[in-house]
Amino acid sequence: QVQLVESGGGLVQAGGSLRLTCTASGRTFSMGWFRQAPRKEREFVATIDWNGVNTDYADSVKGRFIISRDNAEDTAFLEMNSLKPEDTAVYFCAARLEAGLGYQTKDYLYWGQGTQVTVSS
């Protein structure tokens, strides 16, 4: 069983930046970030493979967000720049035991509790 804990959320003005951190209690393979806004379904944001070589992003965040990982520390990061009010959501870290990228919630076995990101206009 792997536990994931997110941190780094908060309130920021439009155009600002935040860096989310996901700390895992054990070894994981590929990881991802998802978000869920009020009254909306959880949606894919970004994914990174087991060694950090391959990444991919939702079109809505491409060019603004960067996913990375530090396997020595069992940690993943989501650097969010040029934030927009529509980025407001609870952000979840997820991990899977397969090496490839994952784009759907069903691809992931482990989930964190989420961290709130609020972007004011």
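The values are calculated or read from the model by the stated rules, or taken from the named source; none is laboratory data. None of the values given here were measured: they were computed from a predicted structure. We place every Cβ from the backbone using ideal geometry, glycine too, and count neighbours over all the protein chains shown. Keep in mind that these areas ignore ligands, DNA and RNA; they rest on the heavy atoms of the full protein, side chains included. Shrake-Rupley method; radii C 1.70, N 1.55, O 1.52, S 1.80 Å.
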Filter result (in contact with a helix residue (DSSP H, G or I) (Cβ under 8 Å, 6 or more places away or on another chain) and of a type in the set (Phe, Trp, Tyr)) within the stretch 22-43: Phe34
Which ones in the stretch 85-121 are under 18 Å from Gly63 (Cα atoms), surrounded by 14 or more Cβ atoms within 10 Å (Cβ to Cβ) and charged (D, E, K, R)? Asp87
Sole exception among (1) open to solvent by less than 60 Å² (accessible area, probe 1.4 Å); (2) among the aromatic types (Phe, Trp, Tyr); (3) more than 14 Å from the chain's Cα centre (by Cα) for Phe34, by number: (3)
Test result for Phe44, in contact with a strand residue (DSSP E or B) (Cβ under 9 Å, 6 or more places away or on another chain), within 15 Å of Val5 (Cα to Cα) and open to solvent by 20 Å² or more (accessible area, probe 1.4 Å): no
Of all residues making up the stretch 1-16, the number that are of a type in the set (A, V, I, L, M, F, W, C), within 20 Å of Ala46 (Cα to Cα) and open to solvent by 30 Å² or more (accessible area, probe 1.4 Å): 1
All but one of (1) part of a strand (DSSP E or B); (2) modelled with pLDDT under 95; (3) hydrophobic (A, V, I, L, M, F, W, C) hold for Ala94; state the number of the condition that does not hold. (2)
So Leu78 clears everything in (1) at negative phi; (2) surrounded by 14 or more Cβ atoms within 10 Å (Cβ to Cβ); (3) not in a strand (DSSP E or B); (4) not β-branched (Val, Ile, Thr) except one condition, right? Which one? (3)
Mind telling me which of the residues Arg27, Arg19, Arg39 ends up being open to solvent by 10 Å² or more (accessible area, probe 1.4 Å), at pLDDT 95 or above and in contact with an Asp or Glu (Cβ under 9 Å, 6 or more places away or on another chain)? Arg19
I'm checking my understanding of the structure. Among residues of the stretch 26-40 that are in a loop (DSSP other than H, G, I, E, B) and touching a strand residue (DSSP E or B) at 6+ places or on another chain (Cβ under 7 Å), which one is farthest from Asn54 (Cα to Cα)? Ala37
